[in-house]
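The values are calculated or read from the model by the stated rules, or taken from the named source; none is laboratory data. All figures in this text were calculated on a predicted structure; none of them were measured in a lab. When we count neighbours, we look across all protein chains shown, and the Cβ atoms used for this are built from the backbone with ideal geometry, even at glycine.
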Amino acid sequence: MNEVEAAGKILVSMLEKLGFHVGLDVSEQEDGPCLNIVTNESAVLIGKDGDRLEDLQYLTNRILCKHYPDAPRVKVDCDSYRAQKEERLMETMQSLAKQVLDDGKTRKAPPLNAYYRRLAHHALSEEEGVSTRSPKGSSRYKRIEIRKN
């Protein structure tokens, strides 16, 4: 059994012990393997703004790394919630960058966790005429500043 199969087994086992009946679609994405939970109870598993998905991902990766120290980090999604959220984030960041280019005023993105900040910085790194900056500090959610070069 490879690491990704083990991660899938860990995730399904956790969810079954919690009383959920789920299917799992495994895919390879740019940033690594993704385990997409397929269920009729997606709202419960996703939680508010995906917070339960983040918890499931954290636990799955912690358990996986205990048994496979060199395993790749696995992303956990449910009914493609994260994929849709990432797409909306990219649209928001492009829109903010366009506004900055149009009027020159600095804009701030909504509060984002480290994963989504990394995606936002990467998306705008290829955008001509704007730069991004994250504030310093230990806060889990931070607002990226987008400014004109």
Cβ-Cβ under 9 Å pairs, at least 6 apart or on other chains, segment 1-29 side in contact (Cβ under 8 Å) with a residue 40 or more places away in the chain, far side in a helix (DSSP H, G or I) and exposed (fewer than 14 other Cβ atoms within 10 Å of the Cβ): Glu3/His67; Ala6/His67; Ile10/His67
All positions within segment 1-38 that are of a type in the set (D, E, K, R) and surrounded by 12 or more Cβ atoms within 10 Å (Cβ to Cβ): Glu3, Lys9, Asp25, Asp31
Candidates Arg107, Arg118, filtered to the one that is basic (Lys, Arg), outside the structural domain of Leu45 (by TED's automatic domain parsing) and at pLDDT below 95: Arg118
Where Ala97 falls short, out of the listed (1) crowded, with 18+ Cβ neighbours inside 10 Å; (2) hydrophobic (A, V, I, L, M, F, W, C); (3) outside the structural domain of Ser125 (by TED's automatic domain parsing): (3)
Residue that is at pLDDT below 95, out of contact with any strand residue (DSSP E or B) (no Cβ under 7 Å at 6 or more places or on another chain) and under 20 Å from Met14 (Cα atoms), where the choices are Asn61, Asn40: Asn40
Lys105 charged (D, E, K, R) and surrounded by 13 or more Cβ atoms within 10 Å (Cβ to Cβ): no
Total residues in segment 1-37, condition closer than 11 Å to Thr60 by Cβ, in contact with a strand residue (DSSP E or B) (Cβ under 6 Å, 6 or more places away or on another chain) and not aliphatic (A, V, I, L, M): 1
Leading residue by the ranking (nearest to Val26 (Cα to Cα)) among those in segment 57-102 that are of a type in the set (Gly, Ala, Ser) and assigned to a helix (DSSP H, G or I): Ala83
Residue match in segment 106-117 (condition: polar (S, T, N, Q), outside any loop (DSSP other than H, G, I, E, B) and within 25 Å of Val26 (Cα to Cα)): no
Number of the exception - Glu41 against (1) surrounded by fewer than 19 Cβ atoms within 10 Å (Cβ to Cβ); (2) touching a Gly at 6+ places or on another chain (Cβ under 9 Å): (2)
Top-ranked residue of segment 137-149 - restricted to ones that are at pLDDT 90 or above and over 19 Å from Glu54 (Cβ atoms), ranked as farthest from the chain's Cα centre (by Cα): Lys148
Matching residues, segment 27-54, being among the small types (Gly, Ala, Ser) and over 12 Å from the mean Cα position of the chain (by Cα): Ser27, Ser42, Ala43, Gly47
